[in-house]
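Following: one structure in structure tokens, then a few remarks.
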Amino acid sequence: MTDQNSGAASTPAGWYPDPAGGPTRRWWNGTAWTDNLETPYTAGAAIAEQKAPEGTDPNTPWIWAILLIPVIQVLPLFFMDWTAFIEASIADPTGVSAYSALFSPAYLTAVAFGWIGTGLMIWFAYLDWRELKRRGVPQPFHWAWIFLTLVVSFAIYPIGRAVVAHKRTGKGLGVMWATIGLLVGGVFVVVWLTAMIFQQVLAVVPFS
């Protein structure tokens with residue numbers, strides 16, 4: 001750099017190490033130093049940029065609505081007449097009677113809840129993702145992961161979302177633990193249903 005009043009050739013305008021010292025750079029306008037300072041890009045700065053504003057709450061109503069839907073979807077299974085279905089299956093080898101018994105109001109309700117609930121999950125995931133962005137959470141877990149509900153499990157979105165939200169805000173793992181709790185509860189429901197059906201089969205099938 002040259003003397004500001006000398007009129008001699010000067011260094012081109014740009015960001016340069018601050019002559020006052022420190023990690024920042026100061027803007028040289030071609031003739032004089034300005035008051036504009038810049039923090040050089042570092043990996044640490046990039047990580048800091050991924051943090052949400054202090055105190056950001058990652059818990060939205062939509063994520064809890066997503067976790068409530070599987071509970072509602074499974075309720076009709078407890079009201080189905082499994083005994084009638086098993087008896088019809090045994091009495092009519094053609095399966096026509098069993099088919100008719102299966103299409104009870106409880107079964108039709110379970111099917112309706114399944115499709116409607118899945119559609120609501122997709123919609124709520126989008127609303128949840130949008131709300132996180134509105135709250136200042138950078139790059140939240142993308143809502144499109146919820147489509148894996150159709151081929152794998154609904155749990156992928158809430159668990160992935162909880163992990164990313166925790167990295168951005170330091171909070172939000174409650175969603176992950178609630179999802180794991182639902183998965184464990186689902187295993188118990190399947191075991192109970194299997195045992196109940198097996199018991200019903202033993203009660204109606206004559207063993208001689």
Checklist entry - Once the Cβ-Cβ distance between Thr109 and Gln50 is put in as r, and R0 is 35 Å, what FRET efficiency do you end up with, to the nearest 0.05? => result 0.20
Item to check | For peptides 53-63, 24-34, sequence by mean Cβ density within 10 Å, most packed first | outcome: 53-63, 24-34
Next on the checklist: 7 Å from Cα along Cα→Cβ at both Lys171 and Ile116: what's the point-to-point distance in nm?
Outcome noted: 3.3 nm
Item to check | Inter-probe distance in nm under a simple model that places probes 7 Å from Cα toward Cβ, at Val71 and Ala203 | outcome: 2.9 nm
Item to check | Neighbour-count order for Glu87, Glu131, fewest beta carbons within 10 angstrom listed first | outcome: Glu131, Glu87
Checklist entry - Hey, with R₀ at 41 Å, roughly what FRET efficiency would Thr39 and Val190 work out to, going by the Cβ-Cβ distance, to 0.05? => result 0.15
Item to check | Potential extension, Ile90-Thr11 segment - 0.36 nm per residue separation minus Cα distance | outcome: 19.0 nm
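Every number here is computed from the coordinates shown, using simple stated rules; none is lab data. Computed from a predicted model, the values in this text were never measured in an experiment. FYI the Cβ positions are ideal-geometry reconstructions off the backbone, even for glycines, and counts take in every protein chain you see.
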